[in-house]
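Before any comments, here is the structure.
The values are calculated or read from the model by the stated rules, or taken from the named source; none is laboratory data. Since this is a predicted model, take the numbers as computed values, not measurements. Glycine also receives a Cβ, built like all others from the backbone with ideal geometry; neighbour counts cover every protein chain displayed. Accessible surface is based on the protein model in full, side chains and every heavy atom, while ligands, DNA and RNA are left aside. Shrake-Rupley method; radii C 1.70, N 1.55, O 1.52, S 1.80 Å.
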Amino acid sequence: MRYLWVILPLCLDLTACQSAYYSAMEKVGVHKRDILVERVEKAQQSQQEAQQQFKSALAQFSSLLKFDGGDLQRMYEATDSEFQACGKAAAKVSERINSIEAVAEALFDEWQDELELYSNDSLKRDSATKLAATKRQYNSLLKTMRRAEQSMQPVLSSLQDNTLYLKHNLNASAIGTLKSEFNSIQNDINKLIADMNTAIKQSEQFVATLKQ
């Protein structure tokens, strides 16, 4: 979903800035629930992109280990480029998850406060029940997303270690040393992909709930 961009004054206080943003968006018909849906969908996209990037890094590492003469410096540069891209992809995933947390907290606080505005007890109870259910589903999703986020760190650490080692040992014997690392990195990436697939599936279910 594409929203109208609203230019807001720079705010020194992040919470105040976010509140001003939400208020401005509501004036053009875009509510916190809509923003939350959009941010969850963007998080899905960033996780999918991260999966592909980590797969690409694994493929490059595999190519490196098959090196049999040629320009080893170029192979190192390609390997380092993949590592740097993985770092950027991981940072984007974290940024997207943080943005989900910010708007979700604002939405639930608003929902809770507005329960006191009901004069109809039946409608109030129904809304309170839906709020509780939505929060439970959201908390489960957030936990799954954070788990997937954390699963990127062992891979990033291993890729960094191997890239640094190669940087300072540009020779065939270094390639032989790094071969023992491949299976561990491959297993970590497979776990990462599985965790992200779980998070993506839960995200789809959560978005479907919000759109009901």
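For the reader, a short list of remarks on this structure follows.
- Candidate set: region 96-132, residues that are of a type outside the set (Val, Ile, Thr) and touching a residue at least 60 places away in the same chain (Cβ under 8 Å); chosen: the one farthest from residue 191 (Cα to Cα): 110
- Condition met for residue 147 (under 19 Å from residue 33 (Cα atoms), open to solvent by 60 Å² or more (accessible area, probe 1.4 Å) and either in contact (Cβ under 8 Å) with a residue 60 or more places away in the chain or among the charged types (D, E, K, R) (or both)): no
- The single residue among 71, 109 that is modelled with pLDDT of 95 or more and of a type in the set (Asp, Glu) turns out to be 109.
- Residue list for region 34-66, restricted to those being free of Cβ contacts under 8 Å to residues at least 24 places away in the same chain and among the hydroxyl-bearing types (Ser, Thr, Tyr): 63
- Of residues in region 169-212 being of a type in the set (A, V, I, L, M), without any contact (Cβ under 8 Å) to a residue 40 or more places away in the chain and closer than 19 Å to residue 142 by Cβ, the one surrounded by the fewest Cβ atoms within 10 Å (Cβ to Cβ): 208
- With respect to the conditions (1) under 30 Å from residue 205 (Cβ atoms); (2) open to solvent by less than 40 Å² (accessible area, probe 1.4 Å), residue 52 lacks only one, and its number is (2).
- Odd one out for residue 78 among (1) of a type outside the set (Ser, Thr, Tyr); (2) modelled with pLDDT under 90; (3) in contact with a helix residue (DSSP H, G or I) (Cβ under 8 Å, 6 or more places away or on another chain): (2)
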